[in-house]
1. Only Lys, Arg, Asp and Glu count, each charged at its Cβ (+1, +1, -1, -1), so figure out the dipole size of region 7-95 about its Cα centre, rounded to 20 debye.
2. Tell me, what are the semi-axes, in whole angstrom and largest first, of the equivalent ellipsoid of region 1-157 as set by the roots of 5 times the Cα gyration tensor eigenvalues?
3. Exactly which GluC sites (Glu not before Pro) in region 75-143 are in a DSSP loop and have at most 13 other Cβ atoms within 10 Å?
4. Full-extension gain between His90 and Ala127, please, as 0.36 nm times their residue separation minus the C-alpha to C-alpha distance.
5. Pop a pseudo-label 7 angstrom from the Cα along the beta-carbon direction at both Ser163 and Ala67 and give the gap in nm to one decimal.
Amino acid sequence: MDTPLSSNTKAILLLTAPLLLGKGAEGPKLLSLGEYNRLAHFLREQNAEPADLLSPNAHELVNAGGAIVEPGRLESLLERGFLLSQVVEHWQSRAIWVASRADNSYPRRLKSRLREYAPAILYGAGASTLLDGGGLGVVGSRDADDGLIQFTRSVGALAASASQSIVSGGGERHRSCGDGRRPGSRRYCLWRAF
């Protein structure tokens, strides 16, 4: 990540992201996209934003939103700050970027087309600015056989020759499938929170 996380992104990660490093104890139930969208709508009505949930006087805002998300659950999610700092350090060491819908770096194309259905958080590797130019999405099974891997490589090479970006889910076995390894080829991996 080139830039530090915004306060809004930190709050959204605390509310929606698993924040796991290895195997850990199960924490509070994360907000679904629908729950997060209802909470975000409530915050806008209060002239507030997700970062306000991290402020010293957030207790009043958390209680006021109790009809949307139970205050105890919200507080438990927001108390995971230390875990968030550990996970962010882990992402930074692997050049993984994170963007929330509240960030200017969030792909405008996704936001304008998907609106409230756009993932609240995106995780990625590679140049995030390429996402606004579109591309070819490549996803597949973790159990892909060698024939499918070869087909995926040929699709990646064809996309690279046409100067099209590849958007990949970034699975362990498939990280190099669409890479093209040609001058000017563009590849990035994108993961969404939910």
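1. For region 7-95, the charge dipole is close to 340 debye.
2. Over the Cα atoms of region 1-157, the ellipsoid semi-axes are 32, 18, 15 Å.
3. Listed in order of number, the matching sites are Glu79.
4. My answer for the length gained is 11.5 nm.
5. 5.4 nm
Every number in this text was worked out from the coordinates using simple rules, so none of it is lab data. Quick caveat, the model's predicted, so the values are computed rather than measured. Using ideal geometry, Cβ is built from the backbone for each residue, glycine included, and neighbour counts are taken over all protein chains shown.
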